[in-house]
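Engineer: I'd like to ask you about the structure that follows.
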Amino acid sequence: MSQTESAAAWSEVAAGWERRDPWVSAGAKPVTEKLLERLAPRPGHAILELGGGVGEVGRGVAARVGPDGRVLITDQSEAMIEVARRAAEGVANVSFQAADAQSTGLPAESFDGVVGRFVLMLAQDPAAVIAETHRVLRTGGQVAFAVWASAPDNPWGSTIGRALLDLGLAEPPEPDAPGPFRLADVDRVRLLFDSAGFDHPILDEVPIAMRYASFDEYWDVTCDLAMSLRNALRELPEKRAEELRSLVRERLAQYEGDDGLEIPGLARVFSSRKLPR
């Protein structure tokens, strides 16, 4: 998938992400808090958010840099930028720009910090994102990126994909294709930072739990957020779609309780700083 195709795909689900923003924010709260802790933005700082989506992390940063600071939220999808703009209405120190995380076109050494929640593993070239981050950071500037651990560590996000494969309804992805669990190898991510000239990164493992009132809510939320499921359901006959739904429900039954579904997950936050030359 090219960057243009990827931007179009994200634009297609932008409305769903806007609708589910409170749910995403609640589930990802431990990750967001760890990103902000490691980024450690201070009043007056200039911070760049890459792949900002609806801009939740950027809004959190804005509260910390204060009126003398500034936050630029970027995303490759114009539709996502518009969602982020609406969500940040009234926040004076935030601006928005459609930009590719691999090549933002922003001035060199113009930010005190760069942050990205779940963008690095979705880029065509993660190394290019890290290199671009290094370019736009000032010396001593801080970076914090969150990625997902492995698919087995994240059944909330991997069960449907596995079911599609097991039912013969999808082809296995190309090796190293952009995807949520592509950067589960800790050593690979560390090497990306080391090779770009950053200090050896700090790693924080962040367990999460994704909560749903029922399986029906899980299915509806995932239909809103996941392009792979939307695309599959668009093509499948009703009988095959129901077969998929039934298999997913069966595999997630172990996470059901009196309050609905609580499905575990694991994220990793890598943080570092730009070393002097």
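Engineer: Mind listing whichever residues of the range 52-71 are surrounded by fewer than 24 Cβ atoms within 10 Å (Cβ to Cβ) and closer than 21 Å to Leu120 by Cβ?
Structural biologist: Correct list: Glu56, Arg59, Gly60.
Engineer: Next question. For the range 260-276, does any single residue satisfy the condition of being surrounded by 14 or more Cβ atoms within 10 Å (Cβ to Cβ), part of a helix (DSSP H, G or I) and either out of contact with any helix residue (DSSP H, G or I) (no Cβ under 8 Å at 6 or more places or on another chain) or not charged (D, E, K, R) (or both)?
Structural biologist: no
Engineer: Which count do you get for residues in the range 56-85 that are within 17 Å of the chain's Cα centre (by Cα), over 22 Å from Ile130 (Cβ atoms) and assigned to a loop (DSSP other than H, G, I, E, B)?
Structural biologist: Number of matching residues: 0.
Engineer: Considering each residue of the range 58-96, count those that are touching a Gly at 6+ places or on another chain (Cβ under 8 Å) and of a type in the set (S, T, N, Q), and give that number.
Structural biologist: 3
Engineer: Do we find a residue being outside any loop (DSSP other than H, G, I, E, B) and free of Cβ contacts under 8 Å to residues at least 24 places away in the same chain anywhere in the range 91-109? Give the steps one after another, and end with the answer.
Structural biologist: Start the filter on the range 91-109 by keeping residues that are outside any loop (DSSP other than H, G, I, E, B), which leaves 94-98, 100, 103.
Pick out the ones that are also free of Cβ contacts under 8 Å to residues at least 24 places away in the same chain and you get none.
There is no residue in the range 91-109 that is outside any loop (DSSP other than H, G, I, E, B) and free of Cβ contacts under 8 Å to residues at least 24 places away in the same chain.
Engineer: Hey, any hits in the range 136-157 for a residue that's part of a helix (DSSP H, G or I) and free of Cβ contacts under 8 Å to residues at least 40 places away in the same chain? Explain how you work it out, then say what you get.
Structural biologist: As a first pass, look at the range 136-157 and keep what is part of a helix (DSSP H, G or I): 136, 155-157.
Now restrict to residues that are free of Cβ contacts under 8 Å to residues at least 40 places away in the same chain: none.
No, the range 136-157 contains no residue that is part of a helix (DSSP H, G or I) and free of Cβ contacts under 8 Å to residues at least 40 places away in the same chain.
Engineer: Among the listed residues Asp187, Asp194, Asp166, Asp153, which satisfies the condition of being surrounded by 18 or more Cβ atoms within 10 Å (Cβ to Cβ) and of a type in the set (Asp, Glu)? Let's see the steps before the verdict.
Structural biologist: Working: Asp187 fails: surrounded by 18 or more Cβ atoms within 10 Å (Cβ to Cβ); Asp194 fails: surrounded by 18 or more Cβ atoms within 10 Å (Cβ to Cβ); Asp166 fails: surrounded by 18 or more Cβ atoms within 10 Å (Cβ to Cβ).
Unique residue meeting the criteria: Asp153.
Engineer: What is the number of the single condition among (1) of a type outside the set (Ser, Thr, Tyr); (2) more than 26 Å from Gly141 (Cβ to Cβ); (3) modelled with pLDDT of 95 or more; (4) surrounded by fewer than 20 Cβ atoms within 10 Å (Cβ to Cβ) that Pro22 does not meet?
Structural biologist: (3)
Engineer: Next question. Looking at the structure I just gave you, is Val31 under 20 Å from Val206 (Cα atoms), touching a strand residue (DSSP E or B) at 6+ places or on another chain (Cβ under 6 Å), in a helix (DSSP H, G or I) and not hydroxyl-bearing (Ser, Thr, Tyr)? If you could, list the steps in order and put the result at the bottom.
Structural biologist: On the way: under 20 Å from Val206 (Cα atoms): yes; touching a strand residue (DSSP E or B) at 6+ places or on another chain (Cβ under 6 Å): yes; in a helix (DSSP H, G or I): yes; not hydroxyl-bearing (Ser, Thr, Tyr): yes.
Criteria met by Val31.
Engineer: Given the options Phe198, Phe111, name the one that is under 12 Å from Phe270 (Cβ atoms) and touching a helix residue (DSSP H, G or I) at 6+ places or on another chain (Cβ under 7 Å). Explain how you work it out, then say what you get.
Structural biologist: Values: Phe111 fails: under 12 Å from Phe270 (Cβ atoms).
Sole residue among the options that is under 12 Å from Phe270 (Cβ atoms) and touching a helix residue (DSSP H, G or I) at 6+ places or on another chain (Cβ under 7 Å): Phe198.
Engineer: I need a count of the residues in the range 151-192 that are of a type in the set (Asp, Glu), at pLDDT 95 or above and over 21 Å from Leu247 (Cα atoms).
Structural biologist: Within the range 151-192, the subset of a type in the set (Asp, Glu) is 153, 166, 171, 174, 176, 185, 187.
From what's left, at pLDDT 95 or above: 153, 166, 185, 187.
Within this subset, residues satisfying the condition of being over 21 Å from Leu247 (Cα atoms) are 185, 187.
Of the residues in the range 151-192, 2 are of a type in the set (Asp, Glu), at pLDDT 95 or above and over 21 Å from Leu247 (Cα atoms).
Engineer: Among the residues of the range 208-232, write down those that are in contact (Cβ under 8 Å) with a residue 40 or more places away in the chain, surrounded by fewer than 18 Cβ atoms within 10 Å (Cβ to Cβ), within 21 Å of Glu18 (Cβ to Cβ) and of a type in the set (S, T, N, Q).
Structural biologist: Residue satisfying the conditions is Ser228 alone.
Engineer: Now, a different point. Would you point out which residue out of Glu171, Glu242, Glu205, Glu235 is loosely packed, with under 15 Cβ neighbours inside 10 Å, out of contact with any Phe, Trp or Tyr (no Cβ under 8 Å at 6 or more places or on another chain), within 28 Å of Ser271 (Cβ to Cβ) and acidic (Asp, Glu)? Please lay out each step first, then the result.
Structural biologist: On the way: Glu171 fails: within 28 Å of Ser271 (Cβ to Cβ); Glu242 fails: within 28 Å of Ser271 (Cβ to Cβ); Glu235 fails: within 28 Å of Ser271 (Cβ to Cβ).
Just one listed residue meets the conditions, Glu205.
Engineer: Inside the range 35-51, can you point out the residues that are assigned to a helix (DSSP H, G or I) and either hydroxyl-bearing (Ser, Thr, Tyr) or surrounded by fewer than 20 Cβ atoms within 10 Å (Cβ to Cβ) (or both)? Explain how you work it out, then say what you get.
Structural biologist: Start the filter on the range 35-51 by keeping residues that are assigned to a helix (DSSP H, G or I), which leaves 35-39.
Hits for the range 35-51 are Leu36, Glu37.
The values are calculated or read from the model by the stated rules, or taken from the named source; none is laboratory data. For clarity, every value in this text was computed on a predicted model and none was experimentally measured. Ideal geometry is used to build each Cβ from the backbone, glycine not excepted, and the neighbour counts take in all protein chains shown.
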